[in-house]
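Data block below; observations after.
The values are calculated or read from the model by the stated rules, or taken from the named source; none is laboratory data. Just so it is clear, the model here is predicted, and its values are computed rather than measured. All Cβ positions, even for glycine, are placed from backbone atoms using ideal geometry, and neighbour counts span all protein chains on display. The accessibility values were calculated without ligands, DNA or RNA, using every heavy atom of the protein model including side chains. Shrake-Rupley method; radii C 1.70, N 1.55, O 1.52, S 1.80 Å.
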Amino acid sequence: MRRQSILVLAMVVLFAITPWASADMAPGTIYAWGYNGYGQTDVPLGNDFTAIAAGMNHGLALKSDGSLAGWGSNYRGSTYYGQAEVPTGNFIDIAAGFYFNVVIKSDGTLSAWGKNDFNQLSVPSGTFIDVATGGDHAIALRSDGSLAAWGLNQFGQTDVPTGNDYLAVAAGDHHSVALKSDGSLLAWGWNPHGQLNVPGGEFVDISSGYYSGLALRSDGSLAGWGGDNEYPKLIVPVGNDFIDIAAGFHHSLAVKSDGSLIAWGANNDGQCNVPLGNNFRIFAAGGDFSVALTPVPSAFLLGSLGLTFSGWLLHKSKIL
């Protein structure tokens, strides 16, 4: 009952700050900007994409028919991992890690490919509704509200807490974050940069950067924590008109209720030079590049929201 109440509350908040929520929305076109040394901004053509994710030097997109598209580097240095080469099948959610990917199939099971030196590809069994990828580990939310994690566990980043009251997950380089049904945050793993020092309050969305965290409050304002001193990721923009967030390697993105994008943090390759326009709804922040999708697909709000709350968080696999 408590979880259902939070779902209803989240829907009310989202629709209250999003005047376009009832519009008839179609799948969209991908835009990318920033560093392109590995083709990571050479996005596939078409207007039938419904979700996007950004890895270190590659991108991943979900099409309206459930198939996948990938682009960018298939390597880390001189080692081939094939992270930009996508499998066939029907999928409902995507997550791009540094050099590997995890996706949720239409039956709720997980599949993974790419780098596997820490068993990142040894996905757990079960039915899942949300997934996030970090540096060399991944975390997923089961349909019963419990968590599962796998991959590198050097700092306890895959030692998930117990319980089945979770609504969303995010993963940084060596840490993990979860959003609980009461709107609070929980983080675990490596903490030399304060990436586990989550703020208090009630939140509706989360994202994790390399050493940092970013969250959207229920009142539409932003909160940031952790991070190194090199880039001002913690100095989040002021306002209460934000509806979505994405944290990348050293930069972050947010979309406002009018559909416009803003970015802050490192801009050495133009990853914060957001395109003009006010119809961006789904986006992702990668290593030193950013991607966005416009217009928003109907699945963004309605896809699985009534069952899982993750419908409007479909893109958030996009952290790194």
Pairs, first more than 16 Å from Gly248 (Cβ to Cβ) and modelled with pLDDT under 95 in segment 31-57, second surrounded by fewer than 23 Cβ atoms within 10 Å (Cβ to Cβ) and among the acidic types (Asp, Glu), C-beta under 9 Å, six or more apart: Asp48/Asp65
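Under 21 Å from Leu147 (Cα atoms) and over 18 Å from the mean Cα position of the chain (by Cα), is that true of Asn197? So that I can check it myself, show each step before the final result.
Working: under 21 Å from Leu147 (Cα atoms): yes; over 18 Å from the mean Cα position of the chain (by Cα): yes.
Yes; evaluated as a whole, the condition is true for this residue.
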First in segment 174-199 and within 19 Å of Asp219 (Cα to Cα), second anywhere and in a loop (DSSP other than H, G, I, E, B) and not charged (D, E, K, R), Cβ under 6 Å, 6 or more apart: Leu185/Val198
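Just checking, does segment 103-123 include any residue being assigned to a loop (DSSP other than H, G, I, E, B) and in contact (Cβ under 8 Å) with a residue 40 or more places away in the chain?
Yes, because at least one residue in segment 103-123 is assigned to a loop (DSSP other than H, G, I, E, B) and in contact (Cβ under 8 Å) with a residue 40 or more places away in the chain.
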In segment 145-159, the residues that are part of a loop (DSSP other than H, G, I, E, B), open to solvent by 10 Å² or more (accessible area, probe 1.4 Å) and farther than 23 Å from Gly227 by Cβ: Ser146
Total residues in segment 197-234, condition over 22 Å from Asp136 (Cα atoms), at pLDDT below 95 and among the aromatic types (Phe, Trp, Tyr): 1
Neighbours by Cβ (under 8 Å, 6+ apart or cross-chain): first from segment 254-266, touching a residue at least 40 places away in the same chain (Cβ under 8 Å) and part of a loop (DSSP other than H, G, I, E, B); second of a type in the set (Val, Ile, Thr) and open to solvent by 30 Å² or more (accessible area, probe 1.4 Å): Ser257/Ile17
Given (1) at pLDDT 90 or above; (2) open to solvent by 10 Å² or more (accessible area, probe 1.4 Å); (3) small (Gly, Ala, Ser), number of the condition Gly277 does not satisfy: (1)
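Listed here are the residues, each with its yes/no results for (1) open to solvent by less than 10 Å² (accessible area, probe 1.4 Å); (2) of a type outside the set (Phe, Trp, Tyr); (3) touching a Leu at 6+ places or on another chain (Cβ under 9 Å).
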site: Gly213; (1), (2), (3): yes, yes, yes
site: Gly224; (1), (2), (3): no, yes, yes
site: Pro237; (1), (2), (3): no, yes, yes
site: Ala254; (1), (2), (3): yes, yes, yes
site: Ser257; (1), (2), (3): no, yes, no
